[in-house]
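Derivation of every value follows stated rules applied to the coordinates shown; laboratory data play no part. Given the structure is predicted, the values throughout are model-derived calculations rather than measurements. All Cβ positions, even for glycine, are placed from backbone atoms using ideal geometry, and neighbour counts span all protein chains on display.
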Protein chains: 2
Amino acid sequence: MEDIKKGLESVIALETSISYIDGINGILEYRGYNINDLSEMPYDAVSYLLIHGELPDEDELLEAFSGQLRAEREIDEDTIEFMRMCPYGVEAMDALRTAVSYLSHHDPDMSDCSLDANLRKGIRLIAKFPTIVAAYYRITNGQEPIAPHPSLPHGANFLYMLRGEEPSELEARLMELDFILSAEHELNASTFSVRVAVSTLSDIHSAVIAGLSTLKGPLHGGARLAVMRMLEEVGSPERAEEYVLSLIAEGQRVMGFGHRVYKTYDPRARIYKRLAREIADERGDTRWFRIAESIEEAVQRELVEKQGKPLCPNVDFYSAVVYKYLHIPPEFATSLFAIGRISGWVAHCIEQYADNRVIRPRAKYVGKHHPSR
Amino acid sequence: MEDIKKGLESVIALETSISYIDGINGILEYRGYNINDLSEMPYDAVSYLLIHGELPDEDELLEAFSGQLRAEREIDEDTIEFMRMCPYGVEAMDALRTAVSYLSHHDPDMSDCSLDANLRKGIRLIAKFPTIVAAYYRITNGQEPIAPHPSLPHGANFLYMLRGEEPSELEARLMELDFILSAEHELNASTFSVRVAVSTLSDIHSAVIAGLSTLKGPLHGGARLAVMRMLEEVGSPERAEEYVLSLIAEGQRVMGFGHRVYKTYDPRARIYKRLAREIADERGDTRWFRIAESIEEAVQRELVEKQGKPLCPNVDFYSAVVYKYLHIPPEFATSLFAIGRISGWVAHCIEQYADNRVIRPRAKYVGKHHPSR
């Protein structure tokens, strides 16, 4: 057991039937369905698929599931009050993490760890994440939170709670799609930490909080925020090449490129790119899209062609462009990622509970030994 | 990469110089010092050792570190107020997790991720954990929280905050020792989840919250609670054998025996056993100790000798006896574990930040593939 697997790269920690990644050919499937096909469905159907393992094969099933989610969208006044008490500058991810921990105290199924109770708790979390994030967004902008809409789809309802008015059709579709594309990605670090927590038979709220704690990091969910800041810093397509060259000269990496698993174009990035172009055209304001495209071209020329580095845009790159057009502030980008990812986390909790073994690796000791007294 | 490492058993995930375990010979060292030697030191010295890598070699160093910890013991009225608002029945671990998440919002170093800031944040967490747990204990008993004592040692101060009076010398020593023995244990599940969170460069509060979320599980920190409940259920030494036989007949495991890493007597269990006997004798009430010893004898006879199972008491077994004598309610046992473990978590955060790689294993897909449309 002397071979060290730093970062657990390529170590197979478990079996899953939740998602499949072919990193060589750039294929991503949720429960065996290609992400391109899923991107045209409602988020609720994808969430149902992830959690129950099959698409809702009858309209009634999907309607019932959507009904459950919509019925659980509201959060209580205490949780809103607690968010009002957050000092200026508290990050959305921290507020979300505390709110979820706080919500667990009031969950009617808190002490029940049966599958049914876990499904109910999971549905509550999926339903309430957008409400928490939108309420915190409003509060940090000095506005009153807006109660969830009783009938709008998942993505449209989130934008409605942010703005107080219903989004355009394209905006609603983009938001829905963003949540779908963020919903699941095998054993990424946050999902893995969810499974580590569950492997001790801890509860689903605790596991999701471990996921939020891990997603927050700039090398994971926080990367989207960094891409948004980069787009703002570059400011115009003409400055992209100079910006990329200066990063290369300083030995720094360009945010939003490369992935541990994908050795080709991330299939999610392709979809985000197509939609980023679509909304740029609809808006008649292509600046953010052209900045991103110019950065991609400069990376392709300077790093891929000249230096042979296998860099493609990852999921964070064009999603950041989409967020710019949706007027999402960078500091909320990671919490939007969490709104999507929660369905995957719930699915992984249920899968881990069903066939559990404590996740407990070893470390190699490389320190000194002092003589015992 | 087709070999599945379920539970990551025997996989070496990283190098560490924080602790060393020899599971065959039953040896545990923190930073190269045998746990038997460390068990005679103050918790503050062990905490310093874990975090800084060396024992404080001058009295002034230890005094300065203890002074920092004592100066950070207090928690603000808002945090206490939030705990008062917890509904009846909220577990101590959940209240602690929410309180730590809440405290992060007010940490003056929140947005600073330098080593110095991480050390300051770590010291605050180590100092405040006992205060949070004791305050929640008092609140759930309908009593007013007691402010931390300005000069008592770590363990004695905790018992003082629980009770409102200073503990006996032996009680204080036992509490100090419990925190030392709980402080660190290589890549146990909670410490591993701390490192997974840090590996995305998330912040130290988030990482510790991931640790709490994982420690809570009954297959990890929650096991001590289960042993305490077992001791209560057995009730008298005479009933121990019958109890063990009935568990065996039902195919259930006996709580507090066996360990993933130790194939012999857990060195911490030996120390706990000696001290459990000592306090039982001092009290002139040996019942809890004799119940535990009778369970150990029955397991030895029925499972080790007759069935050849390599079962020894683990850390949770005699620690539960010690907690009975310290009048710790079972439902607080896991949160006491966390009070000890936080020093190890902080040390692992600092080690992971210093030489980081995102911890992101793979999964083997075993589900169906649906044809793409």
**Request:** Compute the signed sum of charges (Lys and Arg +1, Asp and Glu -1) over the other residues within less than 9 Å, Cβ to Cβ, of A:S101.
**Result:** +1
**Message:** Quick one: 3J(HN,Hα) in Hz for the range B:83-93, Karplus 6.51/-1.76/1.60 with θ = phi - 60°, rounded, Gly and Pro as x.
**Reply:** 5, 5, 7, 5, x, 3, x, 5, 5, 4, 5
**Asked** Mind ordering A:229-241, B:39-51 by average Cβ neighbours within 10 Å, highest first?
**Response** B:39-51, A:229-241
**Request:** Express the C-alpha Rg of chain A as a ratio against the empirical globular expectation 2.2 N^0.38 Å, rounded to two decimals.
**Result:** 1.01
**Complete:** Per principal axis, largest first, the Cα atoms of the range A:189-317 extend in Å by 53, 37, 24
**Message:** Once the label point is set 7 Å along the Cα-to-beta-carbon vector, what list of distances in nm do you get between A:A354 and its counterparts in the other copies?
**Reply:** 4.3
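With the contact rule set at Cα under 8 Å and sequence spacing of 6 or more, what percent relative contact order holds for chain B? It would help to have the intermediate numbers written out before the result.
Values: 511 pairs, mean separation 84.3, N = 373.
Computed over chain B, the figure is 23 percent.
Is the range B:67-164 best put as rounded, prolate or oblate by its Cα gyration tensor, with a ≥ b ≥ c the root eigenvalues, rounded for a/c under 1.5, and otherwise prolate when a/b is larger than b/c, oblate when not? Write out the running numbers ahead of the final one.
Numbers: a/c = 2.40, a/b = 1.31, b/c = 1.84.
In terms of gyration-tensor shape, oblate.
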**Prompt:** Under the definition of partner shielding as Cβ atoms of other protein chains within 10 Å of a residue Cβ, what is the mean value for peptide A:25-37?
**Reply:** 3
**Request:** Give the nm distances, rounded to one decimal, from B:N36 to the matching residue in every other copy, measuring between label points 7 Å along Cα toward the beta carbon; shortest first.
**Result:** 6.7
**Complete:** Per-residue average of other protein chain Cβ atoms inside 10 Å, peptide A:216-223 -> 6
**Request:** List every residue whose amide H lies under 5 Å from the amide H of B:E15, counting only residues 5 or more places away in sequence or on a different chain, with H placed 1.01 Å from N in the peptide plane.
**Result:** A:K364
**Request:** Whole Å is fine, so just give me how far the alpha carbon centre of the range B:178-240 lies from that of the range A:319-359.
**Result:** 26 Å
**Message:** Taking just the alpha-carbon atoms of the range A:311-373, what radius of gyration and Dmax come out, in angstrom?
**Reply:** 21.1, 66
**Asked** Taking a label point 7 Å from Cα toward Cβ, how far is B:E58 from its twins in the other copies, in nm, shortest first?
**Response** 7.9
**Item:** Dipole-positive endmost among A:T16, A:P237, A:T79 within the protein assembly as shown (Cβ charges, Cα centre)
**Value:** A:T16
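On alpha-carbon atoms, Rg over Rh for the range B:151-265 using Kirkwood Rh?
On the way: Rg = 18.1 Å, Rh = 17.2 Å.
Using Cα coordinates only, the ratio equals 1.05.
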**Asked** Which values of log₁₀ I(q)/I(0), to two decimal places, follow from the Debye formula for the protein assembly as shown at q = 0.08, 0.10, 0.11 Å⁻¹ with a uniform point scatterer at every Cα?
**Response** -0.64, -0.99, -1.19
**Complete:** Here the range B:356-366 yields Karplus 3J(HN,Hα) values (6.51, -1.76, 1.60; θ = phi - 60°; whole Hz; Gly and Pro given as x) of 9, 8, 4, 8, 8, x, 10, 10, 8, 7, 10
**Item:** Peptides ranked, highest mean first, by Cβ atoms within 10 Å: ranges A:198-208, A:318-328, A:250-260, B:106-116
**Value:** A:198-208, A:318-328, A:250-260, B:106-116
**Request:** Count, for each residue of B:258-267, the Cβ atoms from other chains sitting within 10 Å of its Cβ, then give me the mean as a whole number.
**Result:** 1
**Message:** What are the ³J(HN,Hα) couplings of the range A:329-334, residue after residue, when phi is run through the Karplus curve with 6.51, -1.76, 1.60 and θ = phi - 60°? Round to Hz, x for glycine and proline.
**Reply:** x, x, 5, 9, 4, 5
